[in-house]
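For reference, the structure discussed in these notes is given below.
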Amino acid sequence: MMTNEDQFQLATYKKMPIAAERGEGVWIYTGDGDKYLDLYGGHAVAGTGHCHPHVVDAIRKQASQLLFYSNLVYSSARARAAEKLVSIAPPRLTKSFFCNSGTEANENAMRMARMATGREQIITFSGGFHGRTADAISATFLGSYRALGKPNVPGHLEAEFGNIESVRALAGDNVAAIMLEPIQSMAGVRMAQPEYYVALRTLCDERGIVLIYDEVQTGVGRTGQWFFAGNHGVVPDIVTLAKALGSGVPVGACLVTDAIASHIKENDLGTTFGGGMLAMAAVTATLEAIEQDRMLENVRRVEAYLRSRLREVEQVEAVHGLGFLLGIEFKETAATVHQRLLERKIITGTSSNPRVLRLLPPLCLTEEHVDEFVLAADFHG
Ligand SMILES: Cc1ncc(COP(=O)(O)O)c(C=O)c1O
């Protein structure tokens, strides 16, 4: 079966030798009866875990009722999802726009910033990843990604993450937005000091610049809070979401303030599948499942436990990140640990920092799973 996929699909992904056939919570099962502990969460998508029963029921019910109709009609499924999403967001973020992926959410966020300011340039950061469509990849100053999008969209400026002076130096009269992953995931789970986020907000306010948080990874409970937005008293003007938002049903979203919304009129943004009923049912059920199972509290408790277990490990230099977006930095390369874990049927992630192993597990991971991970990692082996 793996051979067939290699035969008929472009070889654009480096795959693990696993054929995933079924999932349940933190587990992935293969057709051969093997079982893997998924600490990678299907690339940060399985926030509620694989096939959460509440989400599966909601998708089933919606599928039998109405799969799709576009935004040219009203829909109770869309109304519920939008209301629920706005209700858990920081109070300044009052309106939603639905699309289909993270890159698309970022494209729309940058477009809204340009519309709201009448300016063109976008500042993003070295190490940030924002997607692979033209504008988003042009905003991605991480490794060689940006070059894949050549010729790039003009007007993208690169600042140094964590250095406010480097941002200030670029923040001229034609800058529409500053966009950042508040925790840079692919770069090796890099976080800035609290004062940095506050300084970015102040700079944006002073110079009439739109602040965008790309929360495609950090959103929807991953950090043990619904969003990174709101931390340190900083609420951006736009938050973008995708990945875990639909528990695996493709969906992206932008959350915006009233001030941004006031610049957006009919026909300014759009996409056929955005706000489709199946995706909307998945969004509402995802947010309900996180609430009902008290997953935010779980993330915070289990994060603390994981950190305490890793403190005992001499090879671990540092643990970066927040909640269940964690980067374990080793003194040597992380690849050997990654490989050993895979052989012992635990899926983890790597990053663009060869010494950092990334964990993005479902939000329902427990202390027992952490014990399994620490035992299997055999850090001294
Ligand atoms: C922070 C961040 N932004 C944007 C994206 C792009 O999302 P998508 O692959 O859904 O287009 C990703 C994907 O990994 C991401 O991690």
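The values are calculated or read from the model by the stated rules, or taken from the named source; none is laboratory data. Just so you know, these numbers come straight off a predicted model, no measurement behind them. FYI the Cβ positions are ideal-geometry reconstructions off the backbone, even for glycines, and counts take in every protein chain you see.
Among the residues of region 113-134, count how many are within 13 Å of the ligand (Cβ to nearest atom), outside any loop (DSSP other than H, G, I, E, B) and crowded, with 23+ Cβ neighbours inside 10 Å. Walk me through how you get there before you give the answer.
Let us first name the residues in region 113-134 that are within 13 Å of the ligand (Cβ to nearest atom), namely 124-125, 127-134.
After this cut, where a residue has to be outside any loop (DSSP other than H, G, I, E, B) as well, the list is 124-125, 134.
Narrowing the set further to residues that are crowded, with 23+ Cβ neighbours inside 10 Å leaves 124-125.
Residues flagged as within 13 Å of the ligand (Cβ to nearest atom), outside any loop (DSSP other than H, G, I, E, B) and crowded, with 23+ Cβ neighbours inside 10 Å within region 113-134 amount to 2.
Only one residue in R92, R80, R111 is more than 21 Å from V210 (Cα to Cα) and more than 19 Å from the chain's Cα centre (by Cα), so which one is that? I'd like the intermediate steps shown before the answer.
Working: R92 fails: more than 21 Å from V210 (Cα to Cα); R111 fails: more than 21 Å from V210 (Cα to Cα).
One residue alone meets the criteria, R80.
Only one of V337, V356, V302 is crowded, with 17+ Cβ neighbours inside 10 Å and over 23 Å from the mean Cα position of the chain (by Cα); which? So that I can check it myself, show each step before the final result.
Numbers: V356 fails: over 23 Å from the mean Cα position of the chain (by Cα); V302 fails: over 23 Å from the mean Cα position of the chain (by Cα).
From the options V337, V356, V302, the qualifying one is V337.
Hey, among the residues in region 41-57 that are closer than 17 Å to M295 by Cα and not small (G, A, S), which one's farthest from the ligand (Cβ to nearest atom)?
My answer is P53.
Can you tell me which residue among G224, G233, G252 is crowded, with 24+ Cβ neighbours inside 10 Å and not charged (D, E, K, R)? Break it down into steps so the answer makes sense when it comes.
Values: G224 fails: crowded, with 24+ Cβ neighbours inside 10 Å; G233 fails: crowded, with 24+ Cβ neighbours inside 10 Å.
It is G252.
Based on what the data block shows, is L142 touching a Ser or Thr at 6+ places or on another chain (Cβ under 8 Å), surrounded by fewer than 23 Cβ atoms within 10 Å (Cβ to Cβ) and among the hydrophobic types (A, V, I, L, M, F, W, C)? So that I can check it myself, show each step before the final result.
On the way: touching a Ser or Thr at 6+ places or on another chain (Cβ under 8 Å): yes; surrounded by fewer than 23 Cβ atoms within 10 Å (Cβ to Cβ): yes; among the hydrophobic types (A, V, I, L, M, F, W, C): yes.
Yes: the conditions hold for L142.
Mind checking whether some residue in region 294-306 is more than 16 Å from the ligand (Cβ to nearest atom), of a type in the set (S, T, Y) and out of contact with any Asp or Glu (no Cβ under 9 Å at 6 or more places or on another chain)? Even if it seems obvious, please write down each step before you answer.
Step one: filter region 294-306 for residues more than 16 Å from the ligand (Cβ to nearest atom), giving 294-306.
Filter again for of a type in the set (S, T, Y), leaving 305.
Imposing the further condition that a residue be out of contact with any Asp or Glu (no Cβ under 9 Å at 6 or more places or on another chain) reduces the set to none.
Within region 294-306 (the criterion being more than 16 Å from the ligand (Cβ to nearest atom), of a type in the set (S, T, Y) and out of contact with any Asp or Glu (no Cβ under 9 Å at 6 or more places or on another chain)), the answer is no, since none of the residues qualifies.
Restricting to region 316-334, give me the number of residues that are surrounded by 16 or more Cβ atoms within 10 Å (Cβ to Cβ) and in contact with a strand residue (DSSP E or B) (Cβ under 8 Å, 6 or more places away or on another chain). Write out each step before concluding.
Going residue by residue through region 316-334, those that are surrounded by 16 or more Cβ atoms within 10 Å (Cβ to Cβ) are 316, 319-330, 334.
Adding the requirement that they be in contact with a strand residue (DSSP E or B) (Cβ under 8 Å, 6 or more places away or on another chain) leaves 316, 319-322, 324-330, 334.
Summing the residues that are surrounded by 16 or more Cβ atoms within 10 Å (Cβ to Cβ) and in contact with a strand residue (DSSP E or B) (Cβ under 8 Å, 6 or more places away or on another chain) in region 316-334 gives 13.
Consider I164 carefully, then state whether it is crowded, with 16+ Cβ neighbours inside 10 Å, at pLDDT 95 or above and touching a His at 6+ places or on another chain (Cβ under 8 Å). Talk me through it step by step, then tell me what you get.
Values: crowded, with 16+ Cβ neighbours inside 10 Å: yes; at pLDDT 95 or above: yes; touching a His at 6+ places or on another chain (Cβ under 8 Å): no.
Here the answer is no, as I164 does not meet what is asked.
If you check T366 against the conditions, is it more than 18 Å from V216 (Cβ to Cβ), surrounded by fewer than 19 Cβ atoms within 10 Å (Cβ to Cβ), modelled with pLDDT of 95 or more and among the β-branched types (V, I, T)?
Yes.
Considering only residues that are polar (S, T, N, Q) and within 16 Å of the ligand (Cβ to nearest atom), which ones fall in region 178-230?
Our first condition is that a residue be polar (S, T, N, Q); within region 178-230, this holds for 184-185, 193, 202, 217-218, 223, 225.
Answer for region 178-230, where residues must be polar (S, T, N, Q) and within 16 Å of the ligand (Cβ to nearest atom): Q184, S185, Q217, T218, T223.
For region 286-315, name all the residues that are more than 24 Å from S87 (Cα to Cα) and either acidic (D, E) or part of a loop (DSSP other than H, G, I, E, B) (or both).
Result: E303, E312, V313, E314, Q315.
Confirm whether F161 is within 16 Å of the ligand (Cβ to nearest atom), in contact with a Gly (Cβ under 6 Å, 6 or more places away or on another chain) and among the aromatic types (F, W, Y). I'd like the intermediate steps shown before the answer.
On the way: within 16 Å of the ligand (Cβ to nearest atom): yes; in contact with a Gly (Cβ under 6 Å, 6 or more places away or on another chain): yes; among the aromatic types (F, W, Y): yes.
Taking the combined requirement at face value, the residue satisfies it.
Given the residues V86, V26, which is the only one that is out of contact with any Ser or Thr (no Cβ under 7 Å at 6 or more places or on another chain) and among the hydrophobic types (A, V, I, L, M, F, W, C)?
Values: V86 fails: out of contact with any Ser or Thr (no Cβ under 7 Å at 6 or more places or on another chain).
Result: V26 is the single residue among V86, V26 that is out of contact with any Ser or Thr (no Cβ under 7 Å at 6 or more places or on another chain) and among the hydrophobic types (A, V, I, L, M, F, W, C).
Residue-wise test of (1) assigned to a strand (DSSP E or B); (2) among the hydrophobic types (A, V, I, L, M, F, W, C); (3) in contact with a His (Cβ under 8 Å, 6 or more places away or on another chain).
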residue: L67; (1), (2), (3): no, yes, no
residue: V73; (1), (2), (3): no, yes, no
residue: A79; (1), (2), (3): no, yes, no
residue: A82; (1), (2), (3): no, yes, no
residue: L85; (1), (2), (3): no, yes, no
residue: P90; (1), (2), (3): no, no, no
residue: K95; (1), (2), (3): yes, no, no
residue: F98; (1), (2), (3): yes, yes, no
residue: E104; (1), (2), (3): no, no, no
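Of all residues in region 51-65, which are more than 17 Å from G274 (Cβ to Cβ) and part of a helix (DSSP H, G or I)? Quick ask: steps written out before the conclusion?
Start the filter on region 51-65 by keeping residues that are more than 17 Å from G274 (Cβ to Cβ), which leaves 51-61, 63-65.
Selection gives P53, H54, V55, V56, D57, A58, I59, R60, K61, A63, S64, Q65.
Using beta carbons and a limit of 6 Å, which pairs, at least six apart or on different chains, have the first residue in region 107-119 and closer than 16 Å to T140 by Cβ and the second one assigned to a helix (DSSP H, G or I) and of a type outside the set (S, T, Y)?
Matching pairs, first to second residue: E107/D135; E107/A136; M110/D135.
Residues of region 78-105 being within 16 Å of the ligand (Cβ to nearest atom), hydroxyl-bearing (S, T, Y) and surrounded by fewer than 23 Cβ atoms within 10 Å (Cβ to Cβ), which ones? Walk me through how you get there before you give the answer.
Filtering region 78-105 down to residues within 16 Å of the ligand (Cβ to nearest atom) leaves 97-105.
Narrowing further to those that are hydroxyl-bearing (S, T, Y): 101, 103.
Selection gives S101 alone.
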